[in-house]
1. Tell me, what is a quarter of the convex hull surface for the C-alpha atoms of segment 180-328, in nm² with one decimal?
2. Peptides 133-141, 236-244, 86-94: what's the order by average Cβ count within 10 Å, highest mean first?
3. Can you work out the FRET efficiency for the pair GLN323 and LYS37, with r the C-beta to C-beta distance and R0 = 51 Å, to the nearest 0.05?
4. About its Cα centre, what dipole magnitude does segment 140-256 give when the only charges are +1 on Lys and Arg Cβ and -1 on Asp and Glu Cβ, stated in debye to the nearest 20?
5. Could you tell me whether the chain comes out rounded, prolate or oblate from its Cα gyration tensor? Rule is a ≥ b ≥ c as square roots of the eigenvalues, rounded for a/c under 1.5, then prolate if a/b exceeds b/c, otherwise oblate.
6. Give me the number: length gained by fully extending THR313 to LYS271, i.e. 0.36 nm times residue separation minus the C-alpha to C-alpha distance, one decimal in nm.
7. For the chain, what is the mean residue ellipticity at 222 nm derived from helices alone (per DSSP H run of n ≥ 4: -39500 (n - 2.57); sum divided by total residues; nearest 500 deg cm²/dmol)?
8. Could you tell me the distance between the Cα centroids of segment 219-269 and segment 107-174, to the nearest Å?
Amino acid sequence: MSSLPLLVAWCLGAGAPAKEVSPDVSLLPGKPALPLKLAQGSDLKVWVSYRKDAVVLRVETGGAAEQDAGAAPELSISLHFLGTGPTALGSTYAVTPREVRPADETTPLFAARAVRLSAAKTSGGWTTELALPPAALPRWPARGPLRLELGFNGPPGAVLRLPEDFRASLKAKIPDDVAALERRPGGWAGYGALQLPRWLLGDEDLTPALVEALSTDHPVDPDAVQVPVPRHISAPDGRELVAVIAGQDPYAVEDQCDVSKELRLGFYAMKGKTAIRVLEWSAGNCALGRAASISLDPGGELSIGYSNGGVTTFIWSRDHFEQTQLGRR
């Protein structure tokens with residue numbers, strides 16, 4: 001760990017502001033760090049700022065000055081963007097002067113590794129600075145205010161309002177129907193109204209394996225659930241189509257069907273670094289049965305036949321599939 005004299009001087013500018021700000025703090029690029037007013041009884045002192053594409057937190061913790069980094073108190077920092085929907089779980093980090101690691105199983109390891117950490121001893125304990133780039137932050141809204149809830153060793157106690165520079169750091173045109181974005185290993189996922197992401201952006205050109213990894217944490221092997229997913233097919237506009245299955249198999253127990261479970265099938269049209277979900281539909285539930293056949297004809301009609309006898313058809317409409325019939329027998 002490096003010492004922080006220059007870093008602290010940068011954060012404080014000509015000196016820490018004498019007046020504390022309210023819990024709703026607006027961060028602006030290039031402005032001095034602002035102090036946060038934490039819950040009464042907290043022994044932490046926290047300053048926040050925005051530098052380039054990162055939210056910067058400087059935390060002063062108490063403790064004996066002779067403590068080494070291994071004995072310093074552990075700090076818990078929770079993060080959650082408002083307006084990202086009920087499926088956005090947020091992130092929680094466990095922080096010591098030596099490391100940042102996930103504090104729970106819903107916070108990904110790659111996000112913790114993206115945090116830039118510096119720490120130094122002080123006469124009263126430790127000063128720790130964390131720079132959190134977009135890759136270290138949880139799912140954030142694609143439009144509207146960027147309001148980040150922040151908590152230290154407990155529930156959220158402040159809301160930071162991030163500048164539009166944060167969104168611009170992605171350097172990509174986000175589709176209008178994408179409501180929230182989330183960093184994934186190897187790229188970004190943009191979420192809309194349905195379960196699977198609407199839009200994918202890779203750090204490099206996409207492959208079928210990367211599309212699957214970006215779209216779901218728990219991809220389902222089509223062969224394991226007996227869904228005959230077609231491979232090496234193209235959309236009528238020439239883009240390669242990649243099929244992804246997610247969810248839970250309602251037929252996992254032989255001769256039974258669990259109505260609380262469903263398999264979802266997503267088709268992504270992939271080109272270069274981007275992919276758009278052009279269809280999301282059921283691959284298996286108790287009403288329809290299991291998807292027993294999936295075919296795409298040269299005219300752009302996609303048919304899904306189910307084990308219960310129904311057939312659902314879709315037609316290609318400019319840049320996606322639209323349903324034409326449901327339950328044909």
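1. Orientation-averaged projected area of the Cα hull: 8.7 nm².
2. Result, highest mean first: 133-141, 236-244, 86-94.
3. With R0 = 51 Å, the Cβ-Cβ based efficiency is 0.45.
4. Roughly 720 debye, rounded to the nearest 20.
5. prolate
6. 12.6 nm
7. The helix contribution divided over the chain gives -2000 deg cm²/dmol.
8. Distance between centres, Cα-based: 35 Å.
Readers should treat all values here as calculations from the given coordinates under stated rules, not as data from a laboratory. Being a predicted model, the structure only gives us computed values, none of them experimental. Positions of Cβ are backbone-derived with ideal geometry, glycine not excepted, and every protein chain shown enters the neighbour counts.
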